[in-house]
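Please treat every number below as a calculation from the coordinates, not as lab data. Predicted model only: the values in this text are computed from it and were never measured. Glycine gets a Cβ as well: all are built from the backbone with ideal geometry, and neighbour counts include every protein chain shown.
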Amino acid sequence: MELTTMQGAVKVKWYYIPVKQKRISTRCILTLTDGVTEQIGETLCSKKDNFCRETGRKISLARAVDNLDRDFRKEIWGAYFNRSKKTNG
């Protein structure tokens, strides 16, 4: 998914990684405007929960943007919630 913000384009990619005992890890990687800077957030589904892509995406995205400035985080979240779910999952 590619987002356009006031600070430039941000690429967001999620990976779903199977882990032992039917658990799934969701990793979010943000590649910022300069093409080099990456922010990574990761979450691991509990053994007791059913895996949900949307929940994993939200938690991993929150962890990836945690150390960015507040206005930039707001732009990323706004773009995330306004995305087209048909084309971006």
Just give me a number: lysine pairs in the chain, eight or more positions apart or cross-chain, with C-alpha atoms less than 13 Å apart.
-> 4
Kirkwood Rh, angstrom, the chain [1 / mean 1/r, Cα pairs] = 13.6
Return one number: the angle in degrees, 0 to 90 and rounded to the nearest 10, between the long axis of the Cα atoms of helix 70-81 and the longest principal axis of the Cα atoms of the chain.
-> 60
Choose one answer from Ser25, Ser46, Ser60: the residue with the largest mean-square fluctuation in a GNM of the chain with alpha-carbon springs under 10 Å.
-> Ser46
Segment 13-59: relative contact order as a whole-number percent, Cα under 8 Å and 6+ apart | 33
Specify the residue with the greatest mean-square fluctuation among Leu68, Leu30, Leu44, computed from a Gaussian network of the chain linking alpha-carbon atoms under 10 Å apart.
-> Leu68
Residue separation times 0.36 nm, minus the C-alpha to C-alpha distance between Gln21 and Arg83: what's the value?
-> 19.1 nm
By counting other Cβ atoms within 10 Å of each Cβ, how are Thr55, Thr26 ranked from fewest to most?
-> Thr55, Thr26
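Tell me what the chain gives for mean residue ellipticity at 222 nm when only DSSP H runs of n ≥ 4 count, each as -39,500 (n - 2.57), the sum divided by the residue total, rounded to 500 deg cm²/dmol.
On the way: 3 runs with 29 residues, N = 89.
Helices in the chain give a 222 nm mean residue ellipticity of -9500 deg cm²/dmol.
Out of segment 15-83, which trypsin sites (Lys or Arg not before Pro) are coil in DSSP terms and have no more than 10 other C-beta atoms within 10 Å? All intermediate terms of the calculation are to be shown ahead of the outcome.
Numbers: sites: Lys20, Lys22, Arg23, Arg27, Lys47, Lys48, Arg53, Arg57, Lys58, Arg63, Arg70, Arg73, Lys74, Arg83; in loops: Lys20, Lys22, Lys47, Lys48, Arg83.
In loop regions of segment 15-83 (DSSP not H, G, I, E or B), the sparsely surrounded trypsin sites (Lys or Arg not before Pro) are Lys20, Lys22, Lys47, Lys48.
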Listed residue (Thr4, Leu30, Trp14) projecting farthest to the positive dipole end of the chain, Cβ model | Trp14
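As a footprinting exposure proxy, order Cys52, Cys28, Cys45 by other Cβ within 10 Å, with the fewest listed first.
Numbers: Cys52 12, Cys28 23, Cys45 19.
In order of increasing Cβ crowding within 10 Å: Cys52, Cys45, Cys28.
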Degrees, to the nearest 10: 53-65 long Cα axis against longest axis of the chain = 50
